[in-house]
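See below for the structure under consideration.
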Amino acid sequence: MAALSASLCAWFWDERFWLPHNVTWADLADPAPGVEYPKAGHLLAALPLALVIFAVRIIFERFIASACARNLHIQAGVGRRAHPNRVLEKVFTSITKNPDSRHLDGLSKQLDWEVRKVQRWFRHRRNQDKPSTHTKFRESMWRFSFYVGIFTYGFQFLWQSPWMWDTRHCWYGYPYQAMTPGLYYYYVTELAFYWSLMFSQFTDIKRKDFLIMFIHHLATVGLISFSYVNNMARVGSLVLCVHDASDFLLEAAKLANYAKYQRLCDFLFIVFSVAFFTTRLVIFPIWILNSTMFESWDIVGPFPSWWVFNGLLLVLQVLHVIWSYLISRIAIKAMLRGKMQFISSPSRMSGRSFLSVYLYPMSPPPLLSCLSSSA
């Protein structure tokens, strides 16, 4: 077993895959005094930090977000609950939550109930599992607060970084680029946040998009870790910042919707849409993809993990186009209806892929967001 484990480890960390030609792990193992290169072990710090973030979220939602919800007259009232019934509960949990006419007729005869009464029971039982507006408000307020904080930190950090103004600095000297404390904190905090979202899925109210969101968070964690290990953290920080730029606007629109400030909700959604289209369809391909595909080719040259990295970024750009199309469709329909109702009704969209990743209650595409990363 020990030999097998060593062989698998050697295969996984093959420097011919991870590093440019003529560079080995040994070359990165002994940097100059005061210089630190990224190491996979550094990312372990994200796990305890994720637990801290999770605990902070619980405290924040319970005391701060709940107080704000009360001030906005968003009560934590419980809707009408279905009367306990073992037969119907078994059908609901094991067979279907939306019985067809055949099931309804059978249950009506079995229980000696009117069909309408059976339908009403299933409707109440489905509503029972839906999170209340109060719960959704608290979650969105937590995400809004985190996204504002991390975007502000990331933007301030990048403002002082040369690679924000000239993306060729992402590749000069690669992979011998020191991991600065500011960049490390940015990466580990983003990674810890997505770990915390994975933890919280098992304690939050279980939603239809549970599996989709779990895979989404797992992909995000993997992509952040991937870009850190092969020291593409500079360009990865740009990817993170571009995706963080619109996340908090979506959460702000949802907060306004839950508080029934419809005009503010509509305005914020318009601002979010403009920010999303600008960052994902203009800045990302022109600024970041140009650097990762062309500038890096000229300065460093391709190698296996470079192909993987750029392949994932291209997949992400395809997702940006798809998400933009879906946002446009939703916005047009909402304007025809007169308001952005979709923000408060994410469960209706969970069957479509935009969906869950987007309108409830996650940030846009980290799905590959963080290649560094929707959201």
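The values are calculated or read from the model by the stated rules, or taken from the named source; none is laboratory data. What you are looking at is a predicted structure, and each value in this text was computed from that prediction instead of being measured. Glycine gets a Cβ as well: all are built from the backbone with ideal geometry, and neighbour counts include every protein chain shown. Surface areas here come from the heavy atoms of the whole protein model, side chains and all, with no ligands, DNA or RNA. Shrake-Rupley method; radii C 1.70, N 1.55, O 1.52, S 1.80 Å.
With a 1.4 Å probe and all protein chains left in place, how much accessible area per residue does the chain have, in Å²?
50 Å²
What's the local net charge at R143, with K and R +1, D and E -1, over the other residues with C-beta under 13 Å away?
Taking every other residue near R143 into account, the sum is -2.
If you consider only alpha-carbon coordinates, what radius of gyration and Dmax does the stretch 188-317 have, in Å?
Final numbers for Rg and Dmax: 17.2, 53 Å.
Looking at [x] -0.56, -0.78, -1.13; [y] -0.38, -0.72, -1.19; [z] -0.33, -0.69, -1.32, which value of log10 I(q)/I(0) by the Debye sum over Cα atoms at q = 0.07, 0.10, 0.14 Å⁻¹ comes from a calculation on the structure shown?
Answer by label: [y].
Quick one: if you stick a label point 7 Å off each Cα along the C-beta vector at V87 and W287, how many nm between them?
Once both label points are built, they end up 6.3 nm from each other.
Give, in nm to one decimal, the length gained when the segment between V274 and W307 is fully stretched (0.36 nm per residue of separation minus the Cα-Cα distance).
Residue separation times 0.36 nm, minus the Cα-Cα distance, leaves 8.8 nm.
Can you order the peptides 61-72, 188-199 by their average number of other Cβ atoms within 10 Å per residue, highest first?
Highest-to-lowest ranking by the protection proxy: 188-199, 61-72.
I want the local charge near S291. Using Cβ-Cβ distances under 10 Å, sum +1 for each Lys or Arg and -1 for each Asp or Glu among the other residues.
After counting each charged neighbour, the total is 0.
If you average 1/r over all unlike Cα pairs in the stretch 275-321 and invert the result, what Kirkwood radius do you get in angstrom?
Averaging 1/r across every pair of different Cα atoms and inverting gives 11.0 Å.
Restricting things to Cα coordinates, could you compute the convex hull volume per residue of the stretch 120-239 in Å³?
Hull volume over Cα atoms, normalised by residue count, gives 113 Å³.
Going 7 Å from the Cα of D298 in the Cα-to-Cβ direction, what parts of the stretch 165-182 have a backbone nitrogen less than 15 Å from that spot?
166-173
Any idea how far apart A6 and D204 come out in nm if each label point goes 7 Å out from Cα toward Cβ?
4.5 nm
Quick one: pull the percent of accessible area on the chain belonging to carbon and sulfur, 1.4 Å probe, ligands and nucleic acids left out.
Roughly 64 percent of what the probe reaches on the chain is carbon or sulfur.
State whether the stretch 9-111 is rounded, prolate or oblate according to the following rule on the C-alpha gyration tensor (a ≥ b ≥ c being the square roots of its eigenvalues): a/c under 1.5 gives rounded; otherwise a/b larger than b/c gives prolate, and the remaining case gives oblate.
Since a/c reaches 1.5 but b/c is at least a/b, the shape of the stretch 9-111 is classed as oblate.
Using the crude model of +1 on Lys and Arg Cβ and -1 on Asp and Glu Cβ, and no other charge, please compute the dipole size for the chain relative to its Cα centre, in debye to 20.
In debye, rounded to 20, the chain gives about 2700.
Report the label-to-label distance for F155 and L218 in nanometres (one decimal), using points 7 Å from each Cα along the Cα→Cβ vector.
3.4 nm
Can you find, among A32, T189, S108, the residue farthest towards the positive end of the dipole of the chain? Put +1 on the C-beta of Lys and Arg, -1 on that of Asp and Glu.
Of the options given, the answer is S108.
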